[in-house]
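Quick note: the coordinates plus some simple rules give every number you see, no bench work behind them. Because the structure is predicted, anything quoted here is derived from the model rather than measured. A quick note on method: Cβ atoms are made from the backbone with ideal geometry, for glycine too, and the neighbour counts reach across all protein chains shown.
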Amino acid sequence: MRPMIRATPFNVLWLQAGGCGGCTMSVLERGASGAFEELRAFGIELLWHPSVAEATGPEALSILEKILRGAIRLDALLIEGSVLCGPDGTGLFNTLSGTGRSLKDWIASFAPLADYCVAVGSCAAFGGVPAAAPDPTDARGLQYRARELGGALGPDYRSRAGLPVINISGCAPHPGWIMETLQALSLGLFGAKDMDSFGRPRLFADHLAHHGCSRNEFYEFKASAEHPHERGCLMENLGCKATQAVGDCNQRAWNGGGSCTQSGSTCIACTSPGFESAMGFMHTPKVAGIPVGLPLDMPKAWFVALAALSKSATPKRVRENARSDRIERAPEPGGEKSK
Amino acid sequence: MTRVVIGPFNRVEGDLEVALEVVRGVVREARVSAPLYRGFEQILLGRPSEDALAIAPRICGICSVSQSLAVAAMLRASQGVTPAPNGLLSTNIAHAAENIADHLTHFYLFFMPDFARAVYSARPWFNAIEARFKATSGTCGREALPARAGLLEIMGLIAGKWPHSLAFRPGGVTRALDLGGKVRLLAILARFRAFLEAVLFDAPIDALIALQSADDLDAFVEGEGCAGDFAAFVRIARDLQLDMMGFGPGQMMSGGAYRGPTGHHFPAGVLDLRTDDLRSFDLAQVREDASHAFMRDSDADPAKAQTFPDVHREGAYSFAKAPRLSGEAVEVGALARQAVAGHPLIRDLLRRAGATNVFARIVARLLETALLTQAAESWARELDLRDRFCAQESPAQDGAFVGCIEAARGTLAHWATIRDDRFTGYQIVAPTTWNFSPRDAADRPGPLECALQGLEVGDDGAASVAVQHIVRSFDPCMVCTAH
């Protein structure tokens, strides 16, 4: 790829806090010539990254120190993993090795220096799985603690460019969500208008995970799977939250062509703050037989009425396929086949 | 005596700190520390058993499928379910894809860039290696990363996405592939094999798999595989004597890898290199010692233990506990798996060095990359599309259950106690918990600590590049280590 013309590189520091490293593994999938070429094409320079940088030990600390004293400009600070504030506010559940100092403190030092501060993944955005009950480590996002502005950097934090933390949520996020946000930042194209109310880039958050789901027809007719390997809609019985979770998950190819719902992985709303607090991820909570979590902005009575109507109109083909692990009855344009 | 602390020790998965006591230029004692604790074992308590399928994979972004499979194996035991054969095949193919991706990531991104460091600039091979393997800028990334991403398209087909999927079940997998899916799997594997044969090995993978001895290997890297990245590594290893570096404790094990309808593809076993004795693998002999961990004491039997962190514990230096098999530290990983499986090349490399070492660990990983590519092709061909991919599952029964599998880095076991479908106990011992274990109550070091002991670092201290090679040769996954 031909590099974009930039006077100076767009400097990125990527640190890993209380996470699993999966966001890094995800972004490494990006690019026909690999993720590093993809960054290079936009003039994005990784000052340091724990998984891939050459610098180690004292060399790495020297880079960090130069950023702190302003000798190296910090265009974007990327944090992966939740900020572990425990025990008792010390942050000692997660220290940066070789320094004895908590990631919580390191992040607090870097955040005011960065033009942009980016939370990569739901852990850094909202706390994520480490914050699940009983929240053993007091795990928080950079700006949020689940849905509240109770993150490690405080509610009023703004990066030098005047933005709150940019929350590329997802567990793990699609590699494109990370790369495109970073590239847009490097081009100076990303601003407050490009974020939703939780700081998530609208380039994925303007959609619902449900949009484009391959189980769409089953959803329309409320032809539901009862077991995870069945082809029917996963919403009524198997906990699927795709109608309530943001993400263009079913409009992009994951790993060449998949998506959670396509493979039978119910949507656990991993882009949503507090998704980890669910109990029974693969079961739909119901009251009087009606799922509690209904599509985000649809009047409940309408949903129930339409569901009853569409259930009564479900074609045999759809009803049978919904309860099977494969297509038992193929569509036959021009009339349903009688078996 | 000087004490040096090396950190942040990067190009490993997760956070790692290594402290060395150096006496007259020689490492007298090493202490390895996992400085991150998130509390997954605590988070799993009280949850419905099936929720472990959503929570546990998120321990690790690099071996997520392995964590899923340990949960699925544990739930299988609790439900008394026999998985569908296609489910096992699909699972094995996805697991192989993750395992291979991990081996590739380790070789190209974590391990080889150390030879492109300025410290080696006087070596005759340096210029070529720097151009090829320099961290983030070497030419290898333009081929290896797309090859890795291409291979992981297997996850798109079988698991929806990677990392972190809910596709793996006690009964098999959630998605039944159709003819198009099966053929796409074979096409992905064919494309990946072409990368291995053109770039990594410069030879048919069957030729690599057929190597019987160190002499065969030397002939291979001077002959038909001479232009591959693997040959470049072997030549460096000979120059730097990587086979004489980083000796493990002598005891190695495999819990058995890639279970198919008729048993494990790579067998379970415990191999003692000191006596050449191969015995059966028995999980009941595993005990965990918390004497040097930031943990309160609990039952040493993982089936009965609970996890209570204590950052103020006297004498502690890691969030990892020290697992021991019949009282001994054990090395796990691809080298242990292939040694237990008896691959002649691996056994010969170990016989010659007398111990596990840096060189053998890397060779075993790349050999396994070839073996798994070949195996995945045959698993994909074996998929019988008329059959189910997931057996009917049942509610979890009360009791204590274990799920044990081999992750890329070695033996991974989940011990769970279930009452009324809720976890009342959950303990995880991961591969790097074994390899990078701290000392136990008898002050016996873990495998890495053992491997660093006696290393001559001269005046380099923390800057010793040999320390980097030894540590990274284990391909540690620190996020799994203490979870």
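Annotation: peptides B:3-11, A:168-176, A:59-67, ranked by per-residue average of other Cβ atoms within 10 Å with the highest first, follow the order A:168-176, B:3-11, A:59-67. Nearest 10 degrees is fine. How inclined is helix A:175-186 to the longest principal axis of chain A, computing both from alpha carbons? Between the helix axis and the principal axis of chain A, the angle is about 40 degrees. The value given for the stretch A:139-296 is a Kirkwood hydrodynamic radius of 16.7 Å, derived from the mean inverse Cα-Cα separation.
Inter-part distance, the stretch B:88-155 to the stretch B:449-478, computed on C-alpha centroids, equals 21 Å. Panel order for A:Trp177, A:Trp302, B:Trp125, by other beta carbons found within 10 Å of each beta carbon, from fewest to most: A:Trp302, B:Trp125, A:Trp177.
Its Kirkwood hydrodynamic radius, worked out from the mean inverse distance over all distinct Cα pairs, puts the protein assembly as shown at 26.8 Å. Per residue, the convex hull around the alpha carbon atoms of the stretch B:308-382 comes to 183 Å³. In summary, the helical segments of chain B meeting the span-like criteria, namely a full DSSP H run, a Cα extent along the axis of 27 angstrom or more and a mean Kyte-Doolittle hydropathy of at least 0.0, are B:358-382. If R0 equals 45 Å, the separation of the Cβ atoms of A:His211 and B:Thr424 corresponds to a calculated FRET efficiency of about 0.65. For the peptides A:262-275, A:43-56, the ranking by mean Cβ contacts within 10 Å, running from highest to lowest, is A:262-275, A:43-56.
How would you rank B:Phe168, A:Phe221, going from fewest to most other Cβ atoms within 10 Å of each one's own Cβ?
A:Phe221, B:Phe168
Reported to the nearest whole Å, the Cα centre-to-centre distance from the stretch A:251-270 to the stretch A:67-105 is 32.
Using the average count of surrounding beta-carbon atoms within 10 Å as a protection proxy, the listed peptides B:198-211, B:243-256, B:315-328 rank, highest first, as B:243-256, B:315-328, B:198-211. Take every Cα pair under 8 Å whose residues are at least 6 apart in sequence, average their separation, divide by the length of the stretch B:2-482, and the relative contact order is 26 percent. Tell me the angle of helix A:57-68 to the major Cα principal axis of chain A, expressed in degrees between 0 and 90 and rounded to the nearest ten. Around 90 degrees separate the two axes.
Between the helical axis of A:300-312 and the dominant principal axis of chain A, each derived from Cα atoms, what acute angle in degrees is found, rounded to the nearest 10? That helix lies at roughly 50 degrees to the long axis. Rg and Dmax of the stretch A:10-205, based on Cα coordinates, read 15.3, 46 Å. Approximating the spin labels as points 7 Å out from Cα along Cα→Cβ, the A:Val287-to-B:Ala128 distance works out to 7.2 nm.
The fraction of Cα-Cα pairs per 10 angstrom bin, counted from 0 for the stretch A:208-325, comes to 14, 47, 34, 4, 0 percent, rounded to whole percents. For a paramagnetic label modelled on A:Ile327 (point 7 Å from Cα along Cα→Cβ), amide N atoms under 18 Å away belong, within the stretch B:184-206, to B:184-185.
Put in line by how crowded their Cβ is, counting other Cβ atoms within 10 Å and starting with the fewest, A:Met195, A:Met25, A:Met4 read A:Met4, A:Met195, A:Met25.
For the peptide B:337-350, the mean number of other protein chain Cβ atoms found within 10 angstrom of a residue's Cβ is 0. Calculated [222 nm] ellipticity per residue, helices only, for chain B: -11000 deg cm²/dmol; basis is -39500 (n - 2.57) per DSSP H run with n ≥ 4, divided by all residues, nearest 500.
Using a simple spin-label model with pseudo-atoms 7 Å out from Cα toward Cβ, B:Ala118 and A:Ala305 lie 7.5 nm apart.
Cα-based values for chain B, radius of gyration first and Dmax second, are 21.5, 68 Å. Against the compact-protein benchmark of 2.2 N^0.38 Å, the Cα-based radius of gyration of chain A scales to 1.11. The modelled label-to-label distance between A:Met279 and B:Leu283, using points 7 Å beyond Cα along the C-beta direction, is 2.7 nm.
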